[in-house]
Amino acid sequence: MNSFLTAFFAGTSQGAIYALVSLGLVLVWRGAGVVNFAQMGQAMFTTYIASQLIQNEYSYWSAFVIALISGALLGALVDLGIMRPLSSRKNSLLLNSQSMRTTIPVIASLGILGVLKALAGIFWAGEERGFPAPVPTTGLRLGNTDLAITGFDLFVIGVVFLTLVLTTIFFTRTGMGLAMRASALNPEVTRLSGIRVGSVRTLSWAISGTASSLAGLLVTPKTNLSPNTLDLLLIVGFTAAVVGGLTSLAGSVLGGFILGYVIAFVNVYSAPENVFLAILIFLLLALFLRPQGILGSKEVRRV
Amino acid sequence: MLKVSNLVTEFASIKALNDISFQAKPGRITTVIGANGAGKSTLLRTISGLERPTSGSITWFDEELTDKSVEAIVRSGVAQVPEGHAVISQLSVAENIELGGLFRKRQARGDLEIATKDVYELFPILFERRREPAGSLSGGERQMLAISRALVARPKLLLLDEPSLGLAPLISAQIISIVDELCKSTGLTVLLVEQNANTALAVADHGILLALGKVVADLPAKELIADSALRAAYLGY
Ligand SMILES: Nc1ncnc2c1ncn2[C@@H]1O[C@H](COP(=O)(O)OP(=O)(O)O)[C@@H](O)[C@H]1O
Ligand SMILES: [Mg+2]
């Protein structure tokens, strides 16, 4: 199999995972104005939960579903338990300046990341362990030729594709999806329309938690699972989100796939140690050439 | 009936509303006029729950609105069209209208469809442009859309904050007369804030003149129009 196709398939399946991470970050950024550094910590934690369940003889699929539900609950808990109380303390002197108002939740998210890593250390001894895939991770063959893609890659691409289709339908075809877009764009007009913007915000955290939890389940069969495994994914996902313009859901997904291809092609045609440099150069290029994001226009930005 | 009693709303050290009391009759237009900074927007924002009063009370018939959340106040039948053609420009015209009725979609789907048809009949241009982003509308059309978003909630009390701001006189007259019609045909109660006293007083039943957070006149609209000394003192014309 030639190296172009190898890079292309690897880029597609990795890009699909970056797209999920990036989507999760953008959902919370748009919906709550917070860059959530705890996101992949949440994913790490729920993947450990799935791993524990599988160890206790649960089937892969029940562990999969429980991990996704835990992701939603953990996301909602972060909002209800920490972010909402922080933002509603209006008479706190510290929170009164605009810059502190935006900085404090970010610092809180770093704190949550630390707590989740510590808890994973306590519950699971912080050991690195494997995480199973539901389908073979060996290369597929077509007749006598090896394809540069595994059954698991196809699984990842399929699951992410399905997720993106469902997300799109949710945002463009349902009332709740409209409420979420409206709350992110103009909370005051949305509240004046009788919508409980606070609950909508919690829902963004929950959906973001589910998407990242899914990313954790899809990436760890290749990377293994430890409290720090998913840190890299946050950086790549964040870059993808910025490339996508930070506020566009479609842009964040596109950014994820672009990053997937950039990394895969650098890996194949250059050397793995150049990947970080490539990400950095790519991020700077994107910021200079299209600061509004690949899909963003200067004023009107849809979905 | 809307009853505002001894209302005080403060920002840091300024009393934007300083002991305001008045009533607005049901099924009529009551207009609140006053110079820039008089406290007109703060008054509407306090009624709709966007600002919290320090003291005083707001009641709508027998319902105490004073400490309710914005969302709960909307659900009690009070809708606000905020200052500055407040629509969501990135959403389509139809989505802006849908947003206004979303909260009662489950209980009153049938009525919501009728209400949506009604606003499109009231403003046919919005129906023609329903798929376009609200940001592409003209100022007048945006104001029509902002009013439509409020109307699909089927409010009993409509709070309008300077609907004529920045509009050509002909267009603002058209919008005000549509609101007037609505009042007469549906029994809607309107609290209309305007800087331009003449258009507002022409359709209003009653006028409240605000200056520096206080009520300086509370008169039938006809008397307020006629009182040139009062207007010269507080509005400068
Ligand atoms: N969010 C706010 N923070 C501080 N001061 C405000 C705020 N909103 C209004 N004010 C002040 O309250 C007073 C009344 O403002 P406003 O109600 O907007 O007046 P109007 O609508 O009649 O022009 C003004 O002095 C204004 O500066
Ligand atoms: Mg005003």
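The values are calculated or read from the model by the stated rules, or taken from the named source; none is laboratory data. These numbers were taken from a predicted model, which means no experiment stands behind them. Positions of Cβ are backbone-derived with ideal geometry, glycine not excepted, and every protein chain shown enters the neighbour counts.
Some values worked out for this structure:
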{"quantity": "Total residues in the range A:250-275, condition over 16 Å from residue A:24 (Cβ atoms) and either in contact (Cβ under 8 Å) with a residue 60 or more places away in the chain or under 19 Å from the mean Cα position of the chain (by Cα) (or both)", "calculated": "9"}
{"quantity": "Selected residue [within 16 Å of ligand 2 (Cβ to nearest atom), of a type in the set (A, V, I, L, M, F, W, C) and not in a strand (DSSP E or B)] from B:112, B:50", "calculated": "B:50"}
{"quantity": "Single residue of the range B:194-217 satisfying the filter (within 13 Å of ligand 1 (Cβ to nearest atom) and among the charged types (D, E, K, R)) that is farthest from the chain's Cα centre (by Cα)", "calculated": "B:214"}
{"quantity": "Filter result for the condition that a residue is more than 16 Å from ligand 1 (Cβ to nearest atom), at pLDDT 95 or above and surrounded by 23 or more Cβ atoms within 10 Å (Cβ to Cβ), over B:148, B:136, B:92", "calculated": "B:148"}
{"quantity": "Residue selected from the range B:151-165 under the condition part of a loop (DSSP other than H, G, I, E, B) and under 17 Å from residue B:100 (Cα atoms), by the criterion nearest to ligand 1 (Cβ to nearest atom)", "calculated": "B:155"}
{"quantity": "Tally of residues being over 16 Å from residue B:19 (Cβ atoms) and within 14 Å of chain A (Cβ to nearest Cβ) across the range B:30-50", "calculated": "6"}
{"quantity": "Where residue B:66 falls short, out of the listed (1) among the β-branched types (Val, Ile, Thr); (2) in a loop (DSSP other than H, G, I, E, B); (3) within 13 Å of ligand 1 (Cβ to nearest atom)", "calculated": "(3)"}
{"quantity": "Residues satisfying the stated conditions in the range B:88-97, i.e. closer than 16 Å to residue A:194 by Cβ and more than 7 Å from every other protein chain (Cβ to nearest Cβ)", "calculated": "B:96, B:97"}
{"quantity": "Residue list for the range A:172-200, filter: in contact with a Gly (Cβ under 6 Å, 6 or more places away or on another chain) and modelled with pLDDT under 95", "calculated": "A:184"}
{"quantity": "Among residues of the range B:113-133, those that are of a type in the set (A, V, I, L, M) and closer than 24 Å to residue B:75 by Cβ, counted", "calculated": "4"}
{"quantity": "So residue B:70, is it within 14 Å of another protein chain (Cβ to nearest Cβ) and within 16 Å of ligand 2 (Cβ to nearest atom)", "calculated": "no"}
{"quantity": "Test result for residue B:111, surrounded by fewer than 18 Cβ atoms within 10 Å (Cβ to Cβ), acidic (Asp, Glu) and in contact (Cβ under 8 Å) with a residue 40 or more places away in the chain", "calculated": "yes"}
{"quantity": "Residue match in the range A:75-90 (condition: of a type in the set (D, E, K, R) and either within 22 Å of residue A:179 (Cβ to Cβ) or touching a residue at least 12 places away in the same chain (Cβ under 8 Å) (or both))", "calculated": "yes"}
{"quantity": "Checking residue B:16 against (1) over 19 Å from residue B:73 (Cα atoms); (2) surrounded by fewer than 24 Cβ atoms within 10 Å (Cβ to Cβ); (3) more than 15 Å from ligand 2 (Cβ to nearest atom), the condition it does not meet", "calculated": "(3)"}
{"quantity": "Residues (more than 12 Å from ligand 1 (Cβ to nearest atom), of a type in the set (Ser, Thr, Tyr) and either within 21 Å of residue A:192 (Cβ to Cβ) or assigned by TED's automatic domain parsing to the domain that holds residue B:100 (or both)) located in the range B:17-56", "calculated": "B:30, B:31, B:48"}
{"quantity": "Criterion (buried (at least 24 other Cβ atoms within 10 Å of the Cβ) and either in contact with an Asp or Glu (Cβ under 9 Å, 6 or more places away or on another chain) or not basic (Lys, Arg) (or both)) met by exactly one of A:230, A:246, A:284, A:280", "calculated": "A:230"}
{"quantity": "Matching option when the condition is over 25 Å from residue A:197 (Cα atoms), touching a helix residue (DSSP H, G or I) at 6+ places or on another chain (Cβ under 7 Å) and in a helix (DSSP H, G or I), among A:49, A:104", "calculated": "A:49"}
{"quantity": "Every pair of residues 6+ apart whose Cβ atoms lie under 6 Å, when the first sits in the range B:158-186 and is free of Cβ contacts under 8 Å to residues at least 12 places away in the same chain and within 24 Å of residue B:48 (Cβ to Cβ) while the second is among the β-branched types (Val, Ile, Thr) and away from ligand 1 (no atom under 16 Å from the Cβ)", "calculated": "none"}
